[in-house]
1. Are any of the residues in the stretch 54-69 within 14 Å of Ala42 (Cα to Cα), surrounded by fewer than 16 Cβ atoms within 10 Å (Cβ to Cβ) and out of contact with any Pro (no Cβ under 6 Å at 6 or more places or on another chain)?
2. For the stretch 391-410, check the following and say yes or no: at least one residue is in contact (Cβ under 8 Å) with a residue 24 or more places away in the chain, assigned by TED's automatic domain parsing to the domain that holds Lys249 and in contact with an Asp or Glu (Cβ under 6 Å, 6 or more places away or on another chain).
3. Does Leu588 satisfy the criteria of being among the hydrophobic types (A, V, I, L, M, F, W, C), surrounded by 12 or more Cβ atoms within 10 Å (Cβ to Cβ) and not in a helix (DSSP H, G or I)?
4. Considering only the stretch 208-259, state which residues are surrounded by 12 or more Cβ atoms within 10 Å (Cβ to Cβ), touching a residue at least 24 places away in the same chain (Cβ under 8 Å) and among the β-branched types (Val, Ile, Thr).
5. Inside the stretch 430-469, can you point out the residues that are closer than 30 Å to Lys197 by Cβ and of a type in the set (Gly, Ala, Ser)?
6. Quick one: which residue in Glu83, Glu70 is out of contact with any strand residue (DSSP E or B) (no Cβ under 6 Å at 6 or more places or on another chain), at pLDDT 95 or above and more than 30 Å from Glu449 (Cα to Cα)?
7. Can we say Arg528 is charged (D, E, K, R), within 30 Å of Leu467 (Cα to Cα) and either at pLDDT 95 or above or assigned to a strand (DSSP E or B) (or both)?
8. Kindly indicate whether Glu97 is modelled with pLDDT under 95, surrounded by fewer than 17 Cβ atoms within 10 Å (Cβ to Cβ) and either among the basic types (Lys, Arg) or closer than 30 Å to Lys75 by Cα (or both).
Amino acid sequence: MSAENAENNEQNPPEKIHLPKTSASEPLKKIRHTTSHIMAMAVQKLFPKAQVTIGPWIENGFYYDFDSPEPFTEKDLKAIKKEMVKIIKRKLPVIREEVTREEAERRIKAINEPYKLEILADIKGDPITIYHLGEAWWDLCAGPHVETTGDINPDAFELETVAGAYWRGDETKAQLQRIYGTAWESPEQLAEYKRRKEEALRRDHRKLGKELGLFIFADPVGPGLPLWTPKGTVLRSTLEDFLKQEQLKRGYLPVVTPHIGRVDLFKISGHWQNYKEDMFPMMAEDDAARLLEQGFALKPMNCPFHIQIYKSELRSYRELPMRLAEFGTVYRYEQSGELGGLTRVRGFTVDDSHLFVTPDQLEDEFLKVVDLILTVFKSLQLKNFRARLSFRDPALDKYIGSDDAWNKAEFAIRKAAETLGLPTFEGVGEAAFYGPKLDFIFQDALEREWQLGTVQVDYNLPERFELEYVAEDGTRQRPVMIHRAPFGSLERLIGILIEEYAGDFPFWLAPVQVRLLPVGEEQLPFAREVVSKMLALGVRAEVDTSGDRLGKLIRNAEKDKIPVMSVVGAKEVEANALSIRTRAAGELGAIAVPEVLERLRIAQTEHTDF
């Protein structure tokens, strides 16, 4: 059964690697969809007791879910692929047939596949579409497909992994086995896919994060809740401090808000109505009733709290714009199959700010926010991006506020983007439920796209919370809100940066920036004295005191991706110099300690290499 939006319901899923989007062409969709059916046919030929459920094409490939009494092994995948090649070479016609619902039900009962009956019940309308591979195998499906199995190149597909998946994403229902595969038009495309996959594995932030000692996940704590090690905390703090300084220059006021709040607060904002299923505690019907009685929930957003700070006093137009900023940790109940290292977590910290402005100030403040985001991107060396105009979809009934408010907000965003000459594209339906957004979509070294910074214009929450300010003429007026987050979230940003840099952080971001490698005990006092001077400059420096051989000291520094290292021997001590080696430029030779310190100071403050 085809499922364009199949449930993401994996139990103990395989390591998911975020690969470049292929924007699959129609021929590629047909190839992948047909290959998924060929795989299902092969599985049921080799494993007659296996029952099929859903089997869609997906980004970079396809999958099918099976209910099989025995777990599939690597050896089984090889046998399944071999059988698939046989089916391809038979050049079986792929035949589309329309039957009545009653006939479809009769056929399903004849082959005793109860999952198909459940799928049939979900299909709206009549007739029912069935696709056959020759005369031996069929499934409920809407297509599209190629004309014959011979249209699939047997050298351009692979079976990749097996994962667990609950039927209908429900942990109380049967656990299925999901076989993932990839299919392409040519062997060359498959080879390129494999190359990119290997490169993605090399850059995988989960692997590098562990190797570099930045963060961990622990089962006793819970999935999707990262624990930051000292080195990872230094990285987080460096990013926070950088943005805080930039915000202070621009007149932002720091605030701190609690991690929980009354449910009534989220009902006013609309988060309860729109995010109830994603809030903690989990919002099953009885949970919701209990929570209403208790009256508190973990916050999924910071904006209602910042609104309360604004609303605590009657504001004058002279106080506006008011820019409240917080690195606020929020919590959302992501399904276990959706979690992915740092890029999809359940607890994350947003570099959140809410600006309360007069309507006349909106355009200027919006432009200033975008300027801040561009400054952040420049410092992080993120150059390849475009801006998405994330507007509402009029066909969807999930938005709050009047058409007039939405039209004004969307006009303001479009005008600002045009004023700045940003490369833009429109994303209909990508708006938040309370307002449209300008989202910055970054393309990394592997041509993968990530959403980072966002700016949102909001006329609706000021209305719902009855926010006011005293205008120059003495009347009470509504402010406009701007929601913005240049990073998006610290967790997601760091995961993306690890992969973009392949763990080789720019000098100013590296958790350890300099490591001195003394040849012997005699050089330790000198190395420690130099490091103390570096620390006084705010440079994160250390001495390797392991006592290992010089070759191992250098290898360890390379493995830890230390930007600047120096071997310290008797000559260096005598000359009060350091033999500098950097990851960016290689061997630089002996440099006097005072010059080294000055160059480190400049690199640190100006965000440049040594």
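1. Keep residues of the stretch 54-69 that are within 14 Å of Ala42 (Cα to Cα), which gives 55, 63-66, 68.
Right, trim to surrounded by fewer than 16 Cβ atoms within 10 Å (Cβ to Cβ) and you get none.
Within the stretch 54-69 (the criterion being within 14 Å of Ala42 (Cα to Cα), surrounded by fewer than 16 Cβ atoms within 10 Å (Cβ to Cβ) and out of contact with any Pro (no Cβ under 6 Å at 6 or more places or on another chain)), the answer is no, since none of the residues qualifies.
2. yes
3. On the way: among the hydrophobic types (A, V, I, L, M, F, W, C): yes; surrounded by 12 or more Cβ atoms within 10 Å (Cβ to Cβ): yes; not in a helix (DSSP H, G or I): yes.
Here the answer is yes, as Leu588 does meet what is asked.
4. Val234, Thr238, Val255, Thr257
5. Going residue by residue through the stretch 430-469, those that are closer than 30 Å to Lys197 by Cβ are 430, 439-454.
Once the filter is applied, which keeps residues that are closer than 30 Å to Lys197 by Cβ and of a type in the set (Gly, Ala, Ser), the stretch 430-469 yields Ala445, Gly453.
6. Values: Glu70 fails: at pLDDT 95 or above.
When all the criteria are applied, what remains is Glu83.
7. Working: charged (D, E, K, R): yes; within 30 Å of Leu467 (Cα to Cα): no; either at pLDDT 95 or above or assigned to a strand (DSSP E or B) (or both): yes.
Considered against the rule, which asks whether it is charged (D, E, K, R), within 30 Å of Leu467 (Cα to Cα) and either at pLDDT 95 or above or assigned to a strand (DSSP E or B) (or both), Arg528 comes out as no.
8. Values: modelled with pLDDT under 95: yes; surrounded by fewer than 17 Cβ atoms within 10 Å (Cβ to Cβ): yes; either among the basic types (Lys, Arg) or closer than 30 Å to Lys75 by Cα (or both): no.
For Glu97, the condition - modelled with pLDDT under 95, surrounded by fewer than 17 Cβ atoms within 10 Å (Cβ to Cβ) and either among the basic types (Lys, Arg) or closer than 30 Å to Lys75 by Cα (or both) - is not met.
The values are calculated or read from the model by the stated rules, or taken from the named source; none is laboratory data. On a predicted model such as this, the values are computed, not experimentally measured, just so you know. So basically every Cβ, Gly included, is an ideal-geometry build from the backbone, and we count neighbours across all protein chains shown.
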